[in-house]
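First comes the structure, then the notes that go with it.
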Amino acid sequence: LPGPVTAAAMAATLLLGALSYRWIEQPLSRAAVRRGAWPVTFALVLCALALQGGNRAIDRSDGWMARTGTDRPFYERVAIAKTHAIMPASCLNFQRLPAQLQLCSVGPDTATPRILVYGDSHAQHLYAWFAAHAARRVDFMTSAGCIPAPGYNRITAGFHCDGFMQRVAALANDPRYDTIVVAGNWGGGMHSGQPRLCRTGASPGCSEGALPTRQELVQANVRFWRALTAAGKRVYVVGQMPFASFDVPGTLARERFWHRPLTLSYQPAYRDPHPYIDDVRSAMAGVPGFETLEIAKTLCNAGQCRTLDEADGPQPTLVDNSHFAPEWIRREGRVVLAAVQ
């Protein structure tokens, strides 16, 4: 939770604890002393039994799902959207050391050149489309939380993003790959007032004294992708994912449960309205073998992005506020990703 929300929750907890102590625990203790402990104990046991009985009744009636009536399929789809893994957990590579990174593969293992997909969690949510539609072998090398820029790491302890990108570079330059797809949260690594990245050098790790400039970050990607295209690779860069300012499936479920009008669309809420990837794409304009894939056009139109997918029964388009639901991208990803094949 954000800092102010966490502080407010802690303050509310302390206040409620103090009120409970003053108006419930102390009076019960005094009553127990005056009248003996048995009446108070008996009353507490009755309360506990009543709560337990209520819980059992809810459980036997299939919980809250029993209250949803004909809307039950909608809530089931919401539950799937909230719990579905966007790719196998073994390949998320969150905060893994370079030697522990795992590759995930989909598609037929033919003799043709392969496709390499790399990036952070915004590359991972493309997995469902390739798993369903890949015409040849596609390998995923991803690391959740690591912006795909060579030579940089997260300031937060526990990340090894520089080592991850070294592994990516080795794979991308392998002759088995002729096509590279890269996707990331381009607005999450560098924005005003909250730097999250630092340069890495010969020594491991980095410090806040090594914060990159926007231009340095741009040039790091430009050098890497120009070298790949010069080697005859095709490089596809997926644009910034449009963020919602709320959890999409959770919000839709609450609104339907309380019979409120559903929030059917949202205006993207970017941390950085001008992510550095825009400058990279400008610098790469006209380079043979380089192409941009605008992922937002699968979801958004005229500045509004859909929260609900009506094609196969109403269900959320996202699993949270910025990652595609597997069923959605499996069907709609062709708008962008079919060109990669």
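I'm checking my understanding of the structure. Among residues of the range 232-249 that are under 25 Å from residue 214 (Cα atoms) and among the β-branched types (Val, Ile, Thr), which one is surrounded by the most Cβ atoms within 10 Å (Cβ to Cβ)? Restricting to residues being under 25 Å from residue 214 (Cα atoms) and among the β-branched types (Val, Ile, Thr), the top hit is 238. Of all positions in the range 250-273, at least one carries a residue that is open to solvent by less than 60 Å² (accessible area, probe 1.4 Å), more than 26 Å from residue 79 (Cβ to Cβ) and in contact (Cβ under 8 Å) with a residue 60 or more places away in the chain. The residues of the range 96-146 that are open to solvent by 10 Å² or more (accessible area, probe 1.4 Å), farther than 23 Å from residue 294 by Cβ and either out of contact with any Phe, Trp or Tyr (no Cβ under 9 Å at 6 or more places or on another chain) or of a type in the set (S, T, N, Q) (or both), listed by number, are 97, 99, 100, 102, 105, 108, 109, 110, 111, 112, 136, 137. A single member of 238, 182, 168 is at pLDDT below 95, within 24 Å of the chain's Cα centre (by Cα) and not hydroxyl-bearing (Ser, Thr, Tyr), and it is 238. Here the range 313-337 is the region considered, the condition is being without any contact (Cβ under 8 Å) to a residue 60 or more places away in the chain and out of contact with any Asp or Glu (no Cβ under 7 Å at 6 or more places or on another chain), and the residue that is nearest to residue 182 (Cα to Cα) is 335. Within the range 152-176, being over 13 Å from residue 97 (Cβ atoms) and surrounded by fewer than 21 Cβ atoms within 10 Å (Cβ to Cβ) holds for 154, 155, 156, 157, 169, 170, 171, 173, 174, 175, 176.
Out of the residues in the range 280-331 meeting the condition of being assigned to a loop (DSSP other than H, G, I, E, B) and farther than 28 Å from residue 83 by Cβ, tell me which one is least open to solvent (accessible area, probe 1.4 Å).
287
Counting only residues that are open to solvent by 60 Å² or more (accessible area, probe 1.4 Å) and more than 30 Å from residue 257 (Cβ to Cβ), the range 74-95 holds 2 of them.
The values are calculated or read from the model by the stated rules, or taken from the named source; none is laboratory data. This is a predicted model, so every value here is computed, not measured. We place every Cβ from the backbone using ideal geometry, glycine too, and count neighbours over all the protein chains shown. To get the accessible areas, we keep the full protein, side chains included, count just its heavy atoms, and leave off ligands, DNA and RNA. Shrake-Rupley method; radii C 1.70, N 1.55, O 1.52, S 1.80 Å.
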